[in-house]
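Here is the structure we will look at.
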Amino acid sequence: NLPGFCVLLSRGKGNGQGVYSKLWTNGFLDSVHQGVQFSSGDEPVLYLNDPEGMGKEDRRRMLDRISELNRISYRSFGDPEISAKIQQYEMAFRMQTAVPEVTDLSREPDSIVKLYGPECLVPGTYAANCLLARKLSENGVRFVQLYHQGWDQHGNLPNEMAMQAKDTDQASAALVTDLKQRGLLDETLVIWGGEFGRTNYCQGRFSPDNYGRDHHPRAFSVWMAGGGIKPGTVYGETDEFGYNIVKDPVHVHDFHATMLHLLGVDHERLTFRHQGRRYRLTDVAGNVVSGLIA
């Protein structure tokens, strides 16, 4: 009764940083695979409620008629997007019942609120999204992605980074703890990372309370928990300047290969035919990093 891929957004106290819907589209896969964005308002998924004067039975009859017309079109044209549209209509109908219950955080016990912090009851905060991510995973959603904006510190790094950490540290730890205490961590892979790293030298103004750092794509850190990851492990090392990798490099294809392996998928066999060629997530590279696996 819920999408397989849900997206939750929050805005930090740092600078404005763009997050665009193209980041969770289906790419060249069928559109049934695209992410469903939840809003931070009173209605996490818009337009689920029936219009005034229309009951659930009326909506069911309407969807049945639309499905009949779509199936006629599919038989005529064979476009897989028509089948995806039928599935999306049906999913929206089932979500009418499931979403209000799953997204209601008010009934969480005091112990959970204390674990995640008081902001977990404020819709649209990172803490609330972490708690919602646990509930979605608990209810069978396969993939939940959280985006927290505000990390692009080219200046004012000491102040903004502290605020970002305050937004995210407790709730991130709480999510792992909560999954573990519910017996869900072994089958849930938690990945926490950014779009790339930052240099460890100054950019812009340079004073004790105001300086920044530029982008750095060569080396950056990601942490993972659960899902078969070896706990308490630090893998990889940079030089003394934090600039080049000197030990155990992990390419993005290696990372994806390892992630898929932990999810029970062989990255060399997971392919999708597009424009006459079979594509895989790791292209023609990628090795499973055995040193990360418990």
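The values are calculated or read from the model by the stated rules, or taken from the named source; none is laboratory data. Just so you know, these numbers come straight off a predicted model, no measurement behind them. Neighbour counts are summed over all protein chains in view; Cβ atoms, including those assigned to glycine, are modelled from backbone coordinates with ideal geometry. Only protein heavy atoms, including side chains, enter the accessible area calculation; ligands, DNA and RNA are left aside. Shrake-Rupley method; radii C 1.70, N 1.55, O 1.52, S 1.80 Å.
The angle between the Cα long axis of helix 252-262 and the longest principal axis of the Cα atoms of the chain comes to about 60 degrees, rounded to the nearest 10. Per residue, the solvent-accessible area of the chain (1.4 Å probe, heavy atoms of protein chains only, all protein chains present) comes to 61 Å².
Rounded to the nearest 5, what is the percent of antiparallel bridges among the DSSP beta bridges in the chain? Numbers along the way, then the final one.
Values: 14 of 24 bridges.
Taking every DSSP beta bridge with both residues in the chain, the antiparallel ones total about 60 percent.
For residue 36, the residues whose amide H sits under 5 Å from its own are 5, 6, 7, ignoring neighbours fewer than 5 places away on the same chain, with H placed 1.01 Å from N. Can you find, among 92, 44, 33, the residue sitting farthest towards the positive end of the charge dipole of segment 1-131, where Lys and Arg contribute +1 and Asp and Glu -1 at Cβ? Farthest towards the positive pole: 33. Ligands, DNA and RNA left out, the 1.4 Å accessible surface of segment 125-280 is 50% carbon and sulfur atoms. Segment 1-26 and segment 169-184 have Cα centres separated by 21 Å.
In terms of distances greater than 26 angstrom between alpha carbons, the cross-link table entries 114/135; 22/230; 56/85; 85/180; 114/180 yield 22/230; 85/180. Each part gets one Cα centre, and for segment 124-152 versus segment 203-281 those centres are 20 Å apart. Distances between placed amide hydrogens fall under 5 Å for residue 17 paired with 150, all partners being 5 or more residues away or on another chain.
Cα-based radius of gyration for segment 152-292, normalised by 2.2 N^0.38 Å, reads 1.26.
Largest accessible area first, the residues 239, 110, 30 order themselves as 110, 30, 239 under a 1.4 Å probe with ligands, DNA and RNA left out. Counting heavy atoms of the protein chains alone, residue 101 has an accessible area of about 120 Å² for a 1.4 Å probe. The HN-Hα couplings worked out from phi for segment 264-275 by the Karplus form 6.51 cos²θ - 1.76 cosθ + 1.60 (θ = phi - 60°) are x, 10, 7, 5, 7, 9, 7, 10, 9, 7, 8, 6 Hz, whole numbers, x standing for Gly and Pro. The calculated pair-distance distribution of segment 218-280 uses every alpha carbon pair, bins of 10 angstrom beginning at 0, and gives 18, 39, 28, 14, 2 percent.
Within the assembled protein chains, the solvent-accessible surface assigned to residue 251 is about 100 Å², based on a 1.4 Å probe. Computed 3J(HN,Hα) for segment 288-294, one whole-Hz value per residue from the Karplus formula 6.51 cos²θ - 1.76 cosθ + 1.60 where θ = phi - 60°, is 5, 8, 5, x, 9, 9, 5, glycine and proline marked x.
Entry for segment 1-140 at q = 0.09, 0.18, 0.21 Å⁻¹: log10 I(q)/I(0) = -0.36, -1.13, -1.33, Debye formula applied to identical alpha-carbon scatterers, no solvent contribution. Each residue of segment 119-132 was assigned a 3J(HN,Hα) from its phi angle through the Karplus curve 6.51 cos²θ - 1.76 cosθ + 1.60 (θ = phi - 60°); the sequence is 5, 5, 9, 9, x, x, 7, 4, 5, 4, 5, 5, 5, 5 Hz, with glycine and proline shown as x. Placing unit charges on the Cβ atoms only, positive for Lys and Arg and negative for Asp and Glu, gives the chain a dipole magnitude near 580 debye about its Cα centre.
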